[in-house]
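Okay, so here's the structure we're looking at.
Computed from the coordinates by the stated procedures, all read-outs in this text should not be read as laboratory data. What you see is a predicted model; the values in this text were computed from it and never measured. Note: ideal-geometry Cβ built from the backbone for every residue, glycine included; neighbour counts use all protein chains shown.
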Amino acid sequence: MLKNFFFYVLFLTSMGESSQITYQVDFTVANPPDMGFDPVWQQAPSECRDCFQFQPEAGQVFGGTLVVEDTLLATDGDRVGGLVSLDLNLAGVNWGYDILAGYSGSLCGFRSSEELGAVSPSFIIKEGQLVGWSGGVFGGGDYPFIDFSDTKFASMDAWFSGPISGDTKFTLVETVPEPSGTLLLIMGLGGVLVVLRKKKKAG
């Protein structure tokens, strides 16, 4: 009977559970990183966490992963929020965020299309799909940073080595169901009931 109860609870709660969607983010370098600044690449010290570690070439690809809640895709337009985690690398500068652990690497905050210090960049949703973003990520004192503009990006490090810019592409990797809070609560209570029942039989 208890086994049937768990199956029934699992069925009901799964009807309302949300999912987490993982995207592969690719930054493809389009211009030489010294365009518009000093014509000579200023190589930063290797111990500088917030600095580009090498001069990338046009066509070189960087990036990482982006995880968002599926509810973010429910409405088309510019959306803020729904970010679960972010793990990016651009020429040796790491940008990390986790909804539980917070910021890591060079990341100190987000900028949306409307404000600095937002909970996430602005995600551009079209027909239920992530097609671009705007705003950006920034480090301490605003350097380093990566600015997002739809499917374009531009970045500068803390050493002013030279700007890196190019194109951004999002590729859907997987969708993972996330257990609802109700399910976890009921399963916990069910576990307590099992323990109490065993103690009662033993007594």
Legend entry - Backbone N within the range 45-77 under 15 Å of label point (7 Å from residue 167 Cα along the Cβ vector): 58-62
Inset, instruction - May I ask for the Rg/Rh ratio of the range 19-179, computed from Cα atoms with Rh as the Kirkwood radius, given to two decimals? - result: 0.97
Inset, instruction - For residue 116 paired with residue 152, estimate the spin-label separation in nm (one decimal), with each label point 7 Å from Cα along the Cα-to-Cβ line. - result: 2.2
Inset, instruction - Could I have the simple spin-label model distance between residue 94 and residue 57, label points 7 Å from Cα toward Cβ, reported in nm to one decimal? - result: 2.6
